[in-house]
Amino acid sequence: MLKQLLILALFCLNSFAQNQNVQISAQTFEHQGQNYLAVSLENAPKWHTYWKNPGDAGLAVNIDFLKNGEELELKELPWPVPKRFVEPGNILTFGYEGLYHFFYKAPRLKDSELLIKGRWLVCKDICIPGEASTTLKVNKDGKGKTSSEPNVAKEELVKALEALPEVTTNKDVEIFLSKLDEENKLLLQYSVKNFDVSRLKKDLNVITPYLANLLDYQHEKLFYDEKNKTLYGHMEIDWDGIYEEPEIALPKDGQFPSPIEAKFLFTQYENEKGQILSKDFKQFAVGGIKGYKSFIKGLTPVKELGKASPKEEQGILLILLFALIGGLILNLMPCVLPVISLKLFGLIVHSDEKKSAILKHNLAYTAGIISTFWVLAGVVLLLKSSGEQIGWGFQLQSPIFVFIMMAVIFILALNMMGLFEFVTPGGSKLGNVQMKKGFLADFINGVLATILSTPCSAPFLGTALTFAFTTSNFNIFLTLTFVGLGLALPFIITAIFPKLVSFLPRPGAWMEKLKKFLGLTLLLTFVWLYDILSSQIDFGYAGIYINTIFVMTFFAFFFRSAISKNIFLNIIFFFIPIALTASLVQTQGLAELEDQPEVVKNSSLDWQPWSRQAMKDLKGELVFIDFTADWCLTCKVNEKLVLNTDEFRSLVKENNIELLLGDWTKRDENIASFLREHDIVGVPAYFVQKPNGELVKLGEVLSISAIENAISTQ
């Protein structure tokens with residue numbers, strides 16, 4: 001019974017595809033002394049079919065002709081220029097929407113009957129295989145037209161015929177191959193001289209490859225040399241010879257045994273006819289790839305040149321709202337909560353002051369946050385312009401930066417514990433010098449809150465940051481400003497409505513005990529940073545230095561506070577951690593590990609290191625992918641609540657799920673570029689790779705039900 005129902009369901013789906021999603025018709029016509037046969041297909045709204053090279057997924061449209069029951073070969077003209085579709089999971093495909101036509105030369109179709117059969121894969125939210133046929137009766141004059149829809153006028157067919165791409169040569173376009181450092185990887189490189197980037201066709205590659213034997217093309221990336229008006233592009237290529245029987249190895253000397261014939265569709269500008277360029281690759285460059293990568297770092301990525309599309313402009317207000325909400329939620333994240341607590345402590349300290357003073361304190365805190373986000377935006381733009389792949393929380397991928405933050409947090413904790421007096425959030429003294437109302441302290445508090453909040457990825461924040469990091473430079477500043485406003489929002493509100501401060505408890509002796517407790521929260525933050533640093537450097541070598549530095553720093557402050565204030569002795573004890581720090585830096589003890597540290601999230605599960613090759617090797621299996629980092633507290637929460645639970649372990653074992661782990665604790669360009677390709681700028685990031693290679697992207701807030709839903713549709 002089940003088998004019959006399945007057959008019935010497939011029949012219904014196929015019938016649906018035939019009768020509703022794609023319609024087919026045909027007719028002959030004469031143009032400039034030549035007889036043509038046009039096969040017209042029309043897709044239902046929002047459904048699309050596929051070009052000769054369907055891209056990352058899909059199947060090309062197939063048209064067959066039968067005359068008197070026998071297959072008839074007709075000379076096919078180039079297919080019309082397709083559109084580019086970006087489907088869920090950053091799947092890039094090429095195909096057609098709406099009405100489109102395939103043309104054939106038909107010199108001898110007279111007084112005959114032709115059966116035309118079409119097969120396709122038509123996709124919207126789902127993909128459905130479809131087929132249909134139509135009968136064309138041609139009279140003795142060579143004229144004929146099917147009765148089926150779509151009904152197309154000759155004038156429209158002539159216009160479509162004249163718009164077909166032409167086989168040609170173009171001296172402004174240069175195309176060649178180079179060897180990438182990875183095994184069985186090539187790079188297709190091309191340049192286009194005299195290119196007007198403002199006229200770039202938005203919904204298709206500049207170079208779209210036709211299918212080629214042994215070459216599996218990936219996604220196009222474009223860069224523009226504004227000075228010389230030259231466009232540069234490249235796309236990675238997987239060498240498919242390793243899958244042949246017998247295997248065809250990629251030549252080590254760069255010389256192919258026989259030329260590889262390749263064709264490319266070159267679409268330069270909007271509303272211009274496409275060009276079909278042919279290239280016989282006899283060889284590829286085995287060196288120079290580092291020089292090319294260095295060269296394009298000085299160029300402008302094309303996606304950053306254009307203005308926002310109308311859809312983007314309509315969505316900017318929603319994105320800014322997400323940024324504001326995401327920034328507000330950051331106040332509750334563990335990574336920033338200790339510093340927020342210090343700011344609340346400061347509000348209690350100043351609760352007896354005038355409204356104007358409370359306003360100034362909170363505005364100073366807000367200024368610290370906003371200015372730090374602006375500096376962060378400037379660093380992002382600087383790194384992007386140099387070609388770096390960066391993401392949210394990127395500063396904590398630097399061991400030197402983490403060490404500096406450890407020192408700052410540690411010294412602030414000692415202050416809160418009462419070992420010395422120094423202007424900190426909530427304090428008011430620098431030695432014996434009174435600072436003016438502690439406004440500098442509020443500003444510094446805002447700076448610290450921003451720095452410690454950036455490793456956190458809160459709900460709504462991921463959407464806003466992805467938009468910012470992947471659009472214009474102005475949007476980076478605008479979005480990060482609204483994240484900062486969200487982070488400062490509780491204190492902006494109390495600045496505008498200072499009466500809200502009255503809800504806080506009155507100052508008193510209890511505050512001294514609270515101050516020491518807040519010092520403990522800073523020490524816990526220090527421990528978190530300590531754990532991050534230990535995973536980034538060779539701690540077996542540098543650990544003794546780092547431990548001694550912080551022990552001697554503690555003792556220097558303790559000696560001055562509780563033992564002696566002798567200037568000479570104090571200089572000696574403060575000099576020791578400073579000298580050790582200088583020695584640590586000089587010996588490159590804070591240098592990043594060359595290899596990614598092995599991370600084991602759960603000893604009872606077999607987590608394998610992530611790589612693109614690992615994903616390919618596991619094609620055919622069900623795979624769960626986790627991108628994480630030691631500095632990402634949201635990642636740790638998801639691990640505790642989901643990934644390190646018996647429920648997840650059972651789910652993995654019952655469904656034979658393979659596990660891949662991408663550790664982004666230190667900078668990794670491969671992870672950064674992969675996340676960027678999937679419109680993600682930070683961690684956590686989770687994916688399910690289905691056996692057919694389809695990727696399902698999960699949100700930042702992970703749940704067992706979300707994973708089950710992703711794997712249940714395989």
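The values are calculated or read from the model by the stated rules, or taken from the named source; none is laboratory data. All of these numbers come straight from a predicted model, not from anything done at the bench. Backbone-built Cβ (ideal geometry, glycine too); neighbour counts: all protein chains shown.
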Within segment 127-137, identify whether any single residue is touching a Pro at 6+ places or on another chain (Cβ under 7 Å) and either part of a loop (DSSP other than H, G, I, E, B) or in contact (Cβ under 8 Å) with a residue 12 or more places away in the chain (or both), and answer yes or no.
no
Checking the condition farther than 18 Å from LYS697 by Cα, touching a strand residue (DSSP E or B) at 6+ places or on another chain (Cβ under 9 Å) and either at pLDDT below 90 or assigned to a strand (DSSP E or B) (or both), which residue from LYS640, LYS666, LYS636 passes?
LYS636
Here are PRO54, PRO45, PRO78: which of them is modelled with pLDDT under 90, assigned by TED's automatic domain parsing to the domain that holds PRO129 and either assigned to a strand (DSSP E or B) or of a type outside the set (D, E, K, R) (or both)?
PRO45
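Going by the structure shown, is LEU188 surrounded by 14 or more Cβ atoms within 10 Å (Cβ to Cβ), touching a helix residue (DSSP H, G or I) at 6+ places or on another chain (Cβ under 7 Å), more than 20 Å from LYS273 (Cβ to Cβ) and modelled with pLDDT of 90 or more? Walk me through how you get there before you give the answer.
Values: surrounded by 14 or more Cβ atoms within 10 Å (Cβ to Cβ): yes; touching a helix residue (DSSP H, G or I) at 6+ places or on another chain (Cβ under 7 Å): no; more than 20 Å from LYS273 (Cβ to Cβ): yes; modelled with pLDDT of 90 or more: yes.
Criteria not met by LEU188.
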Residues of segment 270-281 that turn out to be touching a Leu at 6+ places or on another chain (Cβ under 6 Å) and either surrounded by 20 or more Cβ atoms within 10 Å (Cβ to Cβ) or closer than 15 Å to SER191 by Cα (or both), as a count
1
Out of all the residues in segment 236-269, which are surrounded by fewer than 19 Cβ atoms within 10 Å (Cβ to Cβ), under 30 Å from GLU166 (Cβ atoms) and either among the aliphatic types (A, V, I, L, M) or outside the structural domain of ASN194 (by TED's automatic domain parsing) (or both)?
ILE260
Which of the residues that make up segment 518-547 are modelled with pLDDT of 80 or more and either of a type outside the set (A, V, I, L, M, F, W, C) or touching a Gly at 6+ places or on another chain (Cβ under 9 Å) (or both)?
TYR530, ASP531, SER534, ILE537, ALA542, GLY543, TYR545, ILE546, ASN547
Verdict on ILE175 being surrounded by 14 or more Cβ atoms within 10 Å (Cβ to Cβ), assigned by TED's automatic domain parsing to the domain that holds ASP56, on the phi < 0 side of the Ramachandran plot and touching a residue at least 12 places away in the same chain (Cβ under 8 Å):
no
Considering only segment 177-200, how many residues are among the aromatic types (Phe, Trp, Tyr) and either touching a Pro at 6+ places or on another chain (Cβ under 7 Å) or farther than 24 Å from ASN670 by Cβ (or both)?
1
Scan the helices (runs of 4 or more DSSP H) fully inside segment 281-390 and keep the ones with 2 or more residues being at pLDDT below 70.
310-329, 337-349, 355-385
Qualifying residue in segment 674-687 (condition: among the hydroxyl-bearing types (Ser, Thr, Tyr), within 23 Å of VAL86 (Cα to Cα) and not assigned by TED's automatic domain parsing to the domain that holds ASN184):
yes
State the number of residues belonging to segment 201-235 that are among the hydroxyl-bearing types (Ser, Thr, Tyr) and crowded, with 19+ Cβ neighbours inside 10 Å.
4
Test PHE555 against the criterion of being surrounded by fewer than 19 Cβ atoms within 10 Å (Cβ to Cβ), outside the structural domain of TRP631 (by TED's automatic domain parsing) and modelled with pLDDT under 90, and give yes or no.
no
Selection from segment 58-76 of residues among the small types (Gly, Ala, Ser) and more than 16 Å from GLY130 (Cα to Cα) yields GLY69
Restricting to segment 656-683, count the residues that are touching a Lys or Arg at 6+ places or on another chain (Cβ under 9 Å) and in contact (Cβ under 8 Å) with a residue 60 or more places away in the chain.
5
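Hey, could you check segment 565-609 for residues that are part of a loop (DSSP other than H, G, I, E, B) and modelled with pLDDT of 85 or more and say which is nearest to the chain's Cα centre (by Cα)? Let's see the steps before the verdict.
Within segment 565-609, the subset part of a loop (DSSP other than H, G, I, E, B) is 565-566, 587-606.
Filter again for modelled with pLDDT of 85 or more, leaving 565-566, 606.
Details: LYS565: 55, ASN566: 56, ASP606: 26 Å.
Among those that are part of a loop (DSSP other than H, G, I, E, B) and modelled with pLDDT of 85 or more, it is ASP606.
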Tell me the residue from GLY98, GLY118 that is at positive phi and either surrounded by 15 or more Cβ atoms within 10 Å (Cβ to Cβ) or not assigned by TED's automatic domain parsing to the domain that holds LEU277 (or both), please.
GLY98
Residue under evaluation LEU461, criteria (1) farther than 20 Å from MET405 by Cα; (2) modelled with pLDDT of 85 or more, criterion not met
(2)
Please work out if VAL681 is modelled with pLDDT of 90 or more and either part of a helix (DSSP H, G or I) or buried (at least 19 other Cβ atoms within 10 Å of the Cβ) (or both).
no
